[in-house]
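Structure, as structure tokens:
The values are calculated or read from the model by the stated rules, or taken from the named source; none is laboratory data. All values reported here derive from a predicted model rather than from experimental measurement. Glycine gets a Cβ as well: all are built from the backbone with ideal geometry, and neighbour counts include every protein chain shown.
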Amino acid sequence: MKKIVSLVLAFAMLFGVLAVLSGCGEPDDPGAKIAVYLGEEIYDFDPTEYYVNDNATQVISLLYEPLFSIDEDGDRHCAVADEYEIDEEERTITIELRETYWSDGVKVTADDFIFAWRNVLLNPATANPAAALLYDIENAVNVKNGVVSIYDLGIEKLDAYTLEITYRAGSDPEALLDNLATVPTSPVRQDKYDGAEGFWSKQTGTMVFNGPFQVVELDYDQTHNASFKLQRNIGYHQSPEKVDYDDEVIPYTLYSLYSPSGNKMQCTYNDLVYDTVFYMCDAPLSDRNANKEAATVVDAYSTYSYAFNLDSPLFAIKEVRQALSMAVDRDAIANRITFAKAATGFVPEVVGNFREGYDSVVTSSRLAAAKMLILSENVQTKLARLSEDDKHFVLTVNDDQESLAIAQIVEAAWEQLGFDVEVEALDYVTSKVTENEIRVRDSWIQYLVKSKALGTASEYDASYTLEKGRYDEETQTVTYSNFDVIALDWQFFADDPFIGLSSLSTAFSGNGFDYVKAEQRKNITGWFDYQYDSYITAAYKTFDEAERAEALHKAEQILLDAMPVVPLVFNQNFSFTSEKLDDVEVDAFGHFVFTEAELDDYQNYYSRYED
């Protein structure tokens, strides 16, 4: 879900705070400087993160590049990889890297990928469901679960710019290569990670990027309005000393403005009409419906879902979870936000033709049936054991127009079942991240962030991202089950339903191993089902396509019956693009690509960027 922000009347702030671009050796005209809206604020630019907001993956895809890319037609291309060779007899993939550089001029090496995969994604100390993207590498699952050392992973460096991957017996190396085209498998620089662990990816002074663009400014004013600037990475696919600056990346700068929900502005379609911006990837709900024919719309690899906390006595009752799901009108939600499809299951339609013949969720509300289930003798007996406080629960969502509109529909339905529902809208942090930030890396999703605002003590601002529990400063621990129901974009990443479904299993969840408790970590809901785990394991072990599909379908049926997670809509990414802006492309994952974007007569808009 994307936050609604605005650029109306924002010229003074957006263009007034940015100095005239200058640099040693730069041409007089380095290229187009384009005003865009790239979505809500982002405070962590780590490509290996498990982002629960689709907008974040959009921006990260502009900043980092994995080994491969997949275009909108589904064709795979070399990205950081220059060429590769598969040896089926030895079960190896040898990948040679092209000449490409980090934004600080350091050449991208094989070590950068090895560190990102072995020491970050698959490290059992870090919890991240995106680890499933690498499970076809030899020993990857055992590494993630702490059974063997990270150095037992089937990957090695043949030389500074050549990787050799050993894939597990029976697996499809082509499928693994497709997974290596996803953003979370991008490289990470060890010197940056180790030198500023916990905040390297949150400050412009410590961040480096290997994609077509780099973050060069993150600006916040006293009212928490903010803008950020992306600038061409000169070393993208070429030497930084190359004179032909726009050979690989045509735009010079992308300026984006955002504002946190505490001081919202409304960006309307008129901002595009009047050239306030030339590209928008969000808009108010009314504008979406009125201008939907002008939008570019692509299916996203995620499902907007509500996750229950099964530690709650109320949600430990399976029939309660079932009734809450039955009461939801998914058709109404999809219509309300325009660019989405009512969820007919947990796995999105776009993923692997999984939904074909397997629409498992009724999208219209079945409120009457839900009421009958709640009023059944069995459920009433269970509810009678609970206190009145147990029957009150909080629905935690992101503080944006879209999320709140969905919550309003769901809240009304759930209250008709007799429950006392409170909607809590949490904002992201609204200050620059400093070295005082507390970063918790040992739980399911790495989304708790506590940050101190810059300024005087009276301006202290402590706030949290929405995907975690609360940090206890006295005990210095985090309770990540401290929610009742929480909203998130459940990511599938690739064209394989296993990736998303495995995140709710035990051995394949990517949550890693808790060495303190000497056990594998649970998923965010705390749900466990032995049969579900059995089907996920069967899907991993079999290499028969039909058997694998059957196991995954059976697993999803168990999930949809137990309903620890309520799928609401299949997400869609959309954009409104000015007629003056050409060649904004879309990749297979629904990410908008600006590498070849061209703005007509861009020199006419230079004065906006000057003091």
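Structure values in brief
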quantity: Residue under evaluation ARG355, criteria (1) modelled with pLDDT under 95; (2) over 30 Å from ALA175 (Cβ atoms), criterion not met; calculated: (2)
quantity: Filtered residue count, region 362-399, keeping only those that are in contact with an Asp or Glu (Cβ under 7 Å, 6 or more places away or on another chain) and at pLDDT below 90; calculated: 3
quantity: Positions within region 129-152 being over 18 Å from GLN520 (Cβ atoms) and surrounded by 19 or more Cβ atoms within 10 Å (Cβ to Cβ), in sequence order; calculated: LEU133, ASP136, ILE137, GLU138
quantity: Subset tally (residues that are in a helix (DSSP H, G or I) and either farther than 20 Å from VAL586 by Cα or out of contact with any helix residue (DSSP H, G or I) (no Cβ under 8 Å at 6 or more places or on another chain) (or both)) for region 45-82; calculated: 7
quantity: Any chance ASN289 is at pLDDT below 95 and within 25 Å of PHE492 (Cβ to Cβ); calculated: no
quantity: Any hit, region 565-577, residues being closer than 19 Å to LEU230 by Cα, touching a residue at least 60 places away in the same chain (Cβ under 8 Å) and out of contact with any His (no Cβ under 8 Å at 6 or more places or on another chain); calculated: yes
quantity: Residue within region 20-31 that is of a type in the set (S, T, N, Q), in a loop (DSSP other than H, G, I, E, B) and without any contact (Cβ under 8 Å) to a residue 40 or more places away in the chain present; calculated: yes
quantity: Test for LEU560: is it touching a residue at least 12 places away in the same chain (Cβ under 8 Å), under 30 Å from ASP533 (Cβ atoms) and among the aliphatic types (A, V, I, L, M); calculated: yes
quantity: Residue match in region 308-317 (condition: part of a strand (DSSP E or B) and closer than 19 Å to MET563 by Cβ); calculated: yes
quantity: Members of region 570-591 found to be among the hydroxyl-bearing types (Ser, Thr, Tyr) and in a loop (DSSP other than H, G, I, E, B), listed by number; calculated: SER578
quantity: Any hit, region 552-572, residues being more than 23 Å from the chain's Cα centre (by Cα) and within 30 Å of THR268 (Cα to Cα); calculated: no
quantity: Test: residue in region 529-538 that is at positive phi, outside the structural domain of THR126 (by TED's automatic domain parsing) and loosely packed, with under 15 Cβ neighbours inside 10 Å; calculated: no
quantity: Failed condition for THR126, given (1) of a type outside the set (Gly, Ala, Ser); (2) at pLDDT below 95; (3) in contact with a Lys or Arg (Cβ under 6 Å, 6 or more places away or on another chain); (4) over 26 Å from ARG521 (Cα atoms); calculated: (4)
quantity: Qualifying helices (runs of 4 or more DSSP H) (wholly inside region 325-398; at least 2 residues being free of Cβ contacts under 8 Å to residues at least 60 places away in the same chain, touching a strand residue (DSSP E or B) at 6+ places or on another chain (Cβ under 6 Å) and among the hydroxyl-bearing types (Ser, Thr, Tyr)); calculated: none
quantity: Which listed residue, of VAL148, VAL120, is without any contact (Cβ under 8 Å) to a residue 60 or more places away in the chain, of a type in the set (Val, Ile, Thr) and either out of contact with any Lys or Arg (no Cβ under 7 Å at 6 or more places or on another chain) or not in a helix (DSSP H, G or I) (or both); calculated: VAL148
quantity: Count - residues of region 506-544 that are part of a helix (DSSP H, G or I) and either hydroxyl-bearing (Ser, Thr, Tyr) or in contact (Cβ under 8 Å) with a residue 12 or more places away in the chain (or both); calculated: 11
quantity: Single match in VAL216, VAL208 (criterion: at pLDDT 85 or above, surrounded by fewer than 20 Cβ atoms within 10 Å (Cβ to Cβ) and closer than 24 Å to THR48 by Cβ); calculated: VAL216
quantity: Some residue of region 309-318 being crowded, with 20+ Cβ neighbours inside 10 Å, modelled with pLDDT under 95 and not β-branched (Val, Ile, Thr); calculated: yes
quantity: Within region 161-204, tally of residues that are over 18 Å from the mean Cα position of the chain (by Cα), of a type in the set (D, E, K, R) and surrounded by 23 or more Cβ atoms within 10 Å (Cβ to Cβ); calculated: 1
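Residues checked against (1) assigned to a helix (DSSP H, G or I); (2) buried (at least 21 other Cβ atoms within 10 Å of the Cβ):
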position	(1), (2)
TYR84	no, no
SER103	no, yes
ASP111	yes, no
ILE114	yes, no
